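Notes follow the structure.
The values are calculated or read from the model by the stated rules, or taken from the named source; none is laboratory data. Since this is a predicted model, take the numbers as computed values, not measurements. Methodologically, a virtual Cβ is constructed for each residue, glycine included, from the backbone with ideal geometry; neighbour enumeration extends over all protein chains shown. To get the accessible areas, we keep the full protein, side chains included, count just its heavy atoms, and leave off ligands, DNA and RNA. Shrake-Rupley method; radii C 1.70, N 1.55, O 1.52, S 1.80 Å.
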Amino acid sequence: MEIRRQIEVSGIVQGVGFRPYVYRLAIGRQLSGTIRNTPAGVTIEIQGAAETVQDFVEHLPAEAPPLARITNLSIHDVPCTRDGDFRIVHSLEQEEVRTLISPDVAICPDCLCELFDPNDRRYGYPFINCTNCGPRFTIIRDIPYDRPSTSMARFPMCPTCLAEYENPLDRRFHAQPNACWECGPRVELWDKSGQRIECRDPIAEAVSQLHAGLVVAVKGLGGFHLAADATNAAAVALLRQRKRRVEKPFAVMVPDLRAAEEICELDGPARIVLQSMQRPIVLLKKVLLKKVQLGTKASSMVPDEVAPFNRYLGVFLPYTPLHNLLLAKGRFKALVMTSGNLSEEPIAIDNDEAVTRLSGLADYFLVHNRDILLRCDDSVVRVASGVTRQLRRSRGFVPVPVLLKDDQPSVLAVGGELKNTICLTKGKHAFLSQHIGDLENVESYAFFNEAVGHLKRILEIHPEIIAYDLHPDYFSSKWALQQSGAKLIGVQHHHAHIASCMAENHLEGRVIGFALDGTGYGTDGHIWGGEVLTAGYETFERAAHFEYVPMPGGEAAIREPWRMAVSYLAHHFGREFLGLSIPFVRQLDTAKTELLVRMIEHKVNSPLTSSCGRLFDGVAALIGIRRTVNYEAQAAIELEMTISMSEDETAYPLELLPDGDGWIIGTRPLFEALLDDLGRNLPVAVISRRFHNGLVEGFVQLATLLRKKTALHSVCLSGGTFHNVYLSQRLEARLLGAGFEVFTQKEVPSGDGGLSLGQAAVAAANFTCRIRNSYPQDCQAGPCVRLDTHIDRLIGVTRRRTASADP
Ligand SMILES: [Zn+2]
Ligand SMILES: [Zn+2]
């Protein structure tokens, strides 16, 4: 008996080869019916023998093309018709809106084969792609997503390409960026003045410049990279010097897994992520470290200059055909591929813009004439214990939405100041933007504006609410406060971190939240950063926090961790600390220290902070790891890197001092124990481990107290400090051991890159809740008070110019 079913499919199902896939699936089973694009996705009608139709329905999601992402399938019985065959029905153009847009995707295995096949008509063609791979997000000007709305509009297809494009059985059916040598974009090599260099093979010419130790700017998918031979220490040093990037690690692109394995430790999950179609930068443990531990002579193909003082290396595989050709032609073992920018600016995307901005950095430019319409940096992930965690969610992942538990009102959340992302919500979807970066220069502001406008347009979202950080000095907050036509809701920084973790994990109700990071504006006007909250989406209570200490010199204390070490010592021991017989004190500059101690004593330019990041800084400086930093969180990262991999379970004690309804986490006993160990000349590796252990034990103790008091047993961990693998893993394990349910962030960064999601969740909850008019409920320093009264207090403190967000 024949039946007919209507199947509505929503998700990313347009422009990803979904209709030809369904066509083949139906034809293969001799089923009849239709498929057409709809505003929500695609609608299929399928008719045939009941068993065969059932078989079709079961296979439909299972074998979908790699770029498709099905978020919902709804199936109804409909009356049979006399179709006779299966047809792709062309829909009205305007109907093809409001569907999800695919991210940019790495070259697929089929295209890669053709690229290196001398008999293929696209042999060596740097822009080969198909419906399963290639650029999407970064070439879209507008919706609907078809060729005239992309930067491929200027390349009319040749008859052969057009035939592929129109054939439902071809891998390139409706592949909008389809192109070939005949009709598509071309590569050129330019010198640093933007003059085209006459040559037969621009890629081969770029290769020889790289072999000569020079820096070549290479146009990629979401922007330019600066490339240098990673095995050539002098070339890497040259790039560092020109990019004014002293010690911050560079990422390296390697040709394949085997090359990755020669420089890094690779397990199964890491292999999968490296080869995934998103091709993020994966932070992997350097192989070099193993050899050092075994006592053999340290040696690695990749010199130390690439990622100094770091156990990890950022590694990724080539993701465009151009990258593949470059690595293959040069037989490179590894290329440094770092964002094409000066330290804190956004990545360059336009050819002329690149020459203007990067001519002091690069010797040559490998450019092409397919415009990048939206910049999008590489994503960065870490794979630890088989779990992939986003550190920077950008190319390959954006604009795939994060799925929310329930429908939300439409919110635009504008994020924080550093590692900025924005978030737009619609229904159950939260669209996080690509990494916008640190909003501290004109170029970044422009990028921020561009990203907001572009995302609103291509996602067709008109937000009812704009959510922003309470910090009055953040660019994003100032921007939000100038907008009209939407309700404005300011969200406390650490509440947003916990809400981000809750939203990602589809949690409801209230949780215990550990929000640990460097800087966030508190509702009391101080700088928060070591915060334990009890929180839901609507409200939070500050259940505990690290005791306040002064940051002498404000912003300078972030760049110079030795100031924080002095601050902690002076705070806990007064001037007596100057008599301590430890290297840190002996090496202090007497005059500078005196000045600093006086600043602290007289409360001059010394804002108070409960920051966890500053505690790491202070400890790192005190035990001799580093006194000043060259990039954000460098001291904290290096403190983690020194941890001894012993079984030492010793933990420095913290004290929990009752304070009103909650607790203050006192650090005096921790510093006393640490100074004892320093006095006994224990290695920094041991001290670092005991410090980390101390934090974990203190937090577990605190969580247990809070469970007793509140009956909450779910714990959320968020904030930039949780990029620290040792701390995260140990705390999670200990909390699980103590019977807590523990939730962490994976799909969304736990650092400030994930802030916008939490802001959106908090704002949506407060918008829906009609009981209260203002948020936060106990705000003393938020927008309910005049902003300028707080600017003086915090001026400059959070504007970290040492920070730069690209790896
Ligand atoms: Zn392909
Ligand atoms: Zn062609």
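What is the distance, in nm, between label points placed 7 Å from the Cα along the Cα-to-Cβ direction at Met645 and at His602?
5.1
Return a whole-number percent for the relative contact order of the range 684-757, with Cα pairs under 8 Å and 6 or more residues apart as the contact set.
Values: 57 pairs, mean separation 26.0, N = 74.
35 percent.
Each label point is 7 Å from the Cα along the Cα-to-Cβ direction; what then is the distance between the points at Ala212 and Arg29, in nm?
Going by the 7 Å Cα→Cβ label model, 6.1 nm.
So how far, in whole Å, is the C-alpha centre of the range 1-35 from the one of the range 543-575?
That distance is 63 Å.
Measuring with a 1.4 Å probe in the full set of protein chains, what accessible area per residue, in whole Å², belongs to the range 635-697?
Numbers: 2560 Å² over 63 residues.
Heavy-atom accessible area per residue stands at 41 Å².
Not counting ligands, DNA or RNA, and with a 1.4 Å probe, what is Asp517's accessible surface area in Å² rounded to the nearest 10?
10
Restricting to the chain, compute how many DSSP beta bridges are antiparallel as a %, nearest 5. Don't jump to the answer; show the numbers that get you there.
Numbers: 85 of 116 bridges.
So the antiparallel bridges amount to about 75 percent of the total.
With the convex hull built on the Cα atoms of the range 480-548, state its orientation-averaged projected area in nm². Mind showing how you got there, number by number?
Numbers: hull surface 22.0 nm².
Reported value for the Cα convex hull: 5.5 nm².
Over the chain, what is the relative contact order in whole percent, taking alpha-carbon pairs under 8 Å and six or more residues apart? Walk me through the numbers before you get to the answer.
Details: 1820 pairs, mean separation 95.0, N = 807.
It comes to 12 percent, rounded to a whole number.
Using the C-alpha atoms of the range 656-725, what convex hull volume per residue, in cubic angstrom, is computed? Working shown, then result.
Details: hull volume 7.1 nm³, N = 70.
Normalising the Cα hull of the range 656-725 by residue number yields 102 Å³.
Starting from the Cα gyration tensor of the range 691-760, take the square roots of the eigenvalues, sort them a ≥ b ≥ c, and report rounded, prolate or oblate (rounded when a/c is under 1.5, otherwise prolate if a/b is larger than b/c, else oblate).
Working: a/c = 2.15, a/b = 1.36, b/c = 1.59.
Verdict is oblate for the range 691-760.
Accessible area of the chain with a 1.4 Å probe: how many percent of it is carbon plus sulfur?
Working: 15240 of 29850 Å².
After summing per-atom areas, the C and S share lands at 51 percent.
Sequence neighbours fewer than 8 away in the same chain don't count; with that in mind, list the aspartates and glutamates whose C-alpha is under 20 Å from Lys603.
The qualifying aspartates and glutamates are Asp524, Glu547, Glu555, Glu560, Glu576, Glu594, Asp792.
How much length is gained on full extension from Leu257 to Glu508, taking 0.36 nm per residue of separation minus their Cα-Cα distance? Let's see the in-between values first.
On the way: separation 251, 0.36 × 251 = 90.36 nm, distance 4.13 nm.
The Leu257-Glu508 span can extend by a further 86.2 nm.
So how do Thr160, Thr71, Thr138 rank on accessible area, 1.4 Å probe, biggest first, that is with the largest at the start? Display every interim value, and only then the final one.
Values: Thr160 70, Thr71 50, Thr138 0 Å².
Most to least solvent-accessible, the answer reads Thr160, Thr71, Thr138.
Mind giving me the FRET efficiency for Glu460 and Lys708? R0 is 51 Å, r the Cβ-Cβ distance, nearest 0.05 is fine.
Here the calculated transfer efficiency is 0.55.
Rolling a 1.4 angstrom probe over the protein chains, ignoring ligands and nucleic acids, what is the accessible area of Val9 in square angstrom, nearest 10?
Only protein atoms counted, so the area is about 0 Å².
So how do Leu412, Leu283 rank on accessible area, 1.4 Å probe, biggest first, that is with the largest at the start? Present the calculation step by step, with values, prior to reporting the outcome.
Details: Leu412 0, Leu283 40 Å².
Largest to smallest exposure gives the sequence Leu283, Leu412.
Please enumerate, by chain and number, the lysines with C-alpha under 18 Å from the C-alpha of Lys329, excluding those fewer than 8 residues away in the same chain.
Lys219
How much mean residue ellipticity at 222 nm does the chain get from its helices, if each DSSP H run of length 4 or more adds -39500 (n - 2.57) and you divide by all residues, to the nearest 500 deg cm²/dmol?
Details: 25 runs with 261 residues, N = 807.
Here the helix-only value at 222 nm equals -9500 deg cm²/dmol.
How big is the range 595-726 by the Kirkwood estimate over distinct Cα pairs, in Å?
The answer is 16.3 Å.
Can you give the accessible area per residue of the range 126-217, in Å², using a 1.4 Å probe? Write down the numbers at each step before the final one.
Working: 3690 Å² over 92 residues.
Solvent-accessible surface per residue comes out at 40 Å².
At a threshold of 8 angstrom on Cα-Cα distance, excluding pairs fewer than six apart, so keeping six or more, what relative contact order does the range 355-466 reach in percent? Mind dumping the intermediate values first?
Numbers: 171 pairs, mean separation 23.4, N = 112.
So the answer I get is 21 percent.
Let me understand the range 218-262 better: what is its radius of gyration from the alpha carbons, and its Dmax, in angstrom?
11.9, 32
Please state the Cα pair-distance histogram of the chain with 10 angstrom bins from zero: what percent is in each bin?
For the chain, the binned pair fractions read 3, 13, 22, 24, 20, 12, 5, 1, 0, 0 percent.
What Rg and what Dmax come out for the range 293-404 when only alpha-carbon atoms are used, in angstroms?
17.1, 51
Cα to Cα, under 23 Å, and not fewer than 8 places away if on the same chain: which lysines meet these conditions relative to Lys285?
Lys248, Lys297, Lys333, Lys746
Using only Cα atoms, locate the centre of the range 614-648 and the centre of the range 323-392, then give the distance between them in Å, rounded to an integer.
With the range 614-648 and the range 323-392 each reduced to a Cα centre, they are spaced 29 Å.
Which of the GluC sites (Glu not before Pro) found in the range 1-87 are in a DSSP loop and have at most 12 neighbouring Cβ atoms, other than their own, within 10 Å? Mind dumping the intermediate values first?
Numbers: sites: Glu2, Glu8, Glu45, Glu51, Glu58, Glu63; in loops: Glu63.
Passing sites in the range 1-87 are Glu63.
DSSP loop trypsin sites (Lys or Arg not before Pro) in the range 191-293 with at most 14 other Cβ atoms within 10 Å of their Cβ, which ones? If you can, show how the numbers build up before the last one.
Numbers: sites: Lys192, Arg196, Arg200, Lys219, Arg240, Arg242, Lys243, Arg244, Arg245, Arg258, Arg271, Lys285, Lys286, Lys290, Lys291; in loops: Lys192, Arg200, Arg244, Arg245.
Answer in residue order: Arg200, Arg244.
Could you work out how far apart the two model spin labels at Ala50 and Arg87 are, taking each label as a point 7 Å from the Cα in the direction of the beta carbon, and quote it in nm?
2.9
Stretch Glu655-Met301 to full length: gain in nm at 0.36 nm per residue minus the Cα-Cα span? Before the final figure, lay out each step's value.
Working: separation 354, 0.36 × 354 = 127.44 nm, distance 4.71 nm.
In short, 122.7 nm is gained.
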